Ligand SMILES: [Zn+2]
């Protein structure tokens, strides 16, 4: 793939994307969700967009006698209002807390919908969100500003010509994926003129227990992984864990703001909770740890290969040449050309860059420490 094209896609794939003019033709379609009861008073809102570069997160409702808790908001206010309408079908109790599992914008843009509907609502987030959103979040947004229009135009042209981004005959899966991306980017861009980023009002370092009747609800930080500050919500009595983007299905999201060197260890801690039901950030409700184990295998392999490459003194380019994720790509993407494309954009390219950056930083720190002696 041409380098500019790759760069364009890569930036566009950074999840927290941003402000450009809305393509007039972009179709608006929401209602791509289903509500699944997973325990008494606990419901997962599962998004069903096709696997592609853009998506909405799942949400979870924890409904108590006097109030309720919602996990994550959505990519746009419109999507969030749709989720709130589903909550309204289940209860008339107010939302007391919204837990934002991390600062990626698809999990927070809709916060304002809850703020407007429930004046007393509190937003729970990791402490580092306060510094991450205005810095790395802002950088992400700027990158998308520069590339969003091009991304939509590129996909539009490809759909018109009936070809994929590599110029091959478009498959149905690719067509659905591109159409979904254009729809979501369009809706996101439409709102971007009026973005109002709402930062957490309740900060978590390692753990926060939220009282709700007799239910035990633990918001926990397990370590660096998908971002520097992913929170999970664990319900020890029901053995339910809401994982945020620590788990993303069908293709994991080891993006450019991930920490590949710690990711597997963090997932081991998640596995150790031995939850019977896992609600991932994106993808279906999981009732066994098979997928989580596959992700641990992937992240261990990335760490091992990156460390070996850097110990040989390789540059990022050389590291990418020496990397072999082919078997693991098959585990997640199977024979699907489109999922393989997503794997390249969400795992291979950003994970290698992030791992190389982390190892370079470690190297610098180590030599600085030596210099001090
Ligand atoms: Zn994310």
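Observations
- Helices (runs of 4 or more DSSP H) contained entirely in segment 283-373, each with at least 3 residues that are touching a strand residue (DSSP E or B) at 6+ places or on another chain (Cβ under 9 Å), within 29 Å of residue 54 (Cα to Cα) and touching a residue at least 12 places away in the same chain (Cβ under 8 Å): 290-311
- Any hit, segment 229-245, residues being in contact (Cβ under 8 Å) with a residue 40 or more places away in the chain, farther than 17 Å from residue 71 by Cα, surrounded by 18 or more Cβ atoms within 10 Å (Cβ to Cβ) and in contact with a helix residue (DSSP H, G or I) (Cβ under 9 Å, 6 or more places away or on another chain): no
- Selection count where residues are in contact with a helix residue (DSSP H, G or I) (Cβ under 6 Å, 6 or more places away or on another chain), part of a helix (DSSP H, G or I) and within 16 Å of the ligand (Cβ to nearest atom), scope segment 81-108: 0
Residue-by-condition table, conditions (1) modelled with pLDDT of 95 or more; (2) surrounded by 14 or more Cβ atoms within 10 Å (Cβ to Cβ); (3) under 20 Å from the mean Cα position of the chain (by Cα):
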site	(1), (2), (3)
284	yes, yes, yes
293	yes, no, yes
317	yes, no, no
333	yes, yes, yes
341	yes, yes, yes
348	yes, yes, yes
364	no, no, no
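- Residue match in segment 72-79 (condition: assigned to a helix (DSSP H, G or I), buried (at least 24 other Cβ atoms within 10 Å of the Cβ) and out of contact with any strand residue (DSSP E or B) (no Cβ under 8 Å at 6 or more places or on another chain)): yes
- Every test in (1) surrounded by fewer than 19 Cβ atoms within 10 Å (Cβ to Cβ); (2) in a helix (DSSP H, G or I); (3) modelled with pLDDT under 95 is passed by residue 268 save one, and that test is (3).
- Condition met for residue 196 (in a loop (DSSP other than H, G, I, E, B), under 21 Å from residue 37 (Cα atoms) and away from the ligand (no atom under 13 Å from the Cβ)): no
The values are calculated or read from the model by the stated rules, or taken from the named source; none is laboratory data. Everything numeric in this text was worked out from a predicted model, so none of it was measured. Cβ: placed from backbone, ideal geometry, glycine included. Neighbour counts: every protein chain shown.
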